[in-house]
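Here's the structure we're looking at; comments come further down.
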Amino acid sequence: MNIKSIDEAIEKYAVERMEKGKEKASERFLAHAYLRHGGDEVMEFMLKVSGLARYYIEYLKDLENPFKGLELAWFAVMLAVGIYGFILMAAEDSRLLGTVLLAGTLVHAWSLLRMVTHKMREIGLRIVIYREIVQIVEKEIRGRD
């Protein structure tokens with residue numbers, strides 16, 4: 001059993017969950033597991049799915065911070081350009097340039113805010129889906145014992 005089949009099962013659940021809801025996705029996930037990995041392999045498959053889902057949860061928790069990496073650099077550059085725009089607005093001969101720079105900075109700040117909220121929402125949704133997978137697997141394992 002390779003990681004590709006495990007990752008495929010997790011991704012199928014995630015897509016199905018977003019399209020048709022938790023109940024239908026859970027049924028399809030379990031059907032996929034039992035049809036593809038029948039017999040004794042099912043428990044091993046479930047444990048590996050649970051482990052990989054937990055790994056993804058931990059990995060995504062690290063990415064959940066919106067101002068980590070490129071977003072932080074973009075924010076720092078916008079802050080510097082905004083401050084420079086204010087400085088330029090103080091001088092009479094460069095007031096127009098300062099206004100343009102400040103307006104551009106505000107537009108980019110709005111864009112960054114939208115991008116960060118979208119990213120946080122997507123990551124949060126993925127974490128919830130992966131937690132559901134872990135719960136399904138744990139429930140199935142308890143049911144078999």
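The values are calculated or read from the model by the stated rules, or taken from the named source; none is laboratory data. Since the model is a prediction, treat every value here as computed from it, not as a measurement. Neighbour counts run over all protein chains shown; Cβ positions are idealised from the backbone, glycine included.
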From A53, A80, which residue is closer than 18 Å to I127 by Cβ, modelled with pLDDT of 90 or more and hydrophobic (A, V, I, L, M, F, W, C)? A53
Name the helices (runs of 4 or more DSSP H) wholly inside the stretch 1-111 in which the number of residues that are out of contact with any strand residue (DSSP E or B) (no Cβ under 8 Å at 6 or more places or on another chain), basic (K, R) and more than 17 Å from V128 (Cβ to Cβ) is 1 or more. 3-20, 22-36, 41-63
Pairs, please: C-beta under 6 Å, at least 6 apart or cross-chain, first residue at pLDDT below 90 and in the stretch 104-120, second not in a helix (DSSP H, G or I)? V116/P66; M120/P66
Hey, among V81, V77, which residue is over 20 Å from I141 (Cβ atoms), free of Cβ contacts under 8 Å to residues at least 12 places away in the same chain, of a type outside the set (D, E, K, R) and surrounded by 11 or more Cβ atoms within 10 Å (Cβ to Cβ)? V77
Filter the stretch 23-42 for residues that are exposed (fewer than 15 other Cβ atoms within 10 Å of the Cβ) and either in contact (Cβ under 8 Å) with a residue 24 or more places away in the chain or touching a Phe, Trp or Tyr at 6+ places or on another chain (Cβ under 6 Å) (or both) and give the result. R36, E41
Would you please name the residue that is nearest to the chain's Cα centre (by Cα), looking only at residues in the stretch 123-145 that are part of a helix (DSSP H, G or I) and more than 18 Å from K22 (Cβ to Cβ)? I123
Being surrounded by 12 or more Cβ atoms within 10 Å (Cβ to Cβ), free of Cβ contacts under 8 Å to residues at least 24 places away in the same chain and within 20 Å of the chain's Cα centre (by Cα): is that true of G69 here? no
Just to be sure, is E64 surrounded by fewer than 17 Cβ atoms within 10 Å (Cβ to Cβ) and more than 26 Å from L112 (Cβ to Cβ)? no
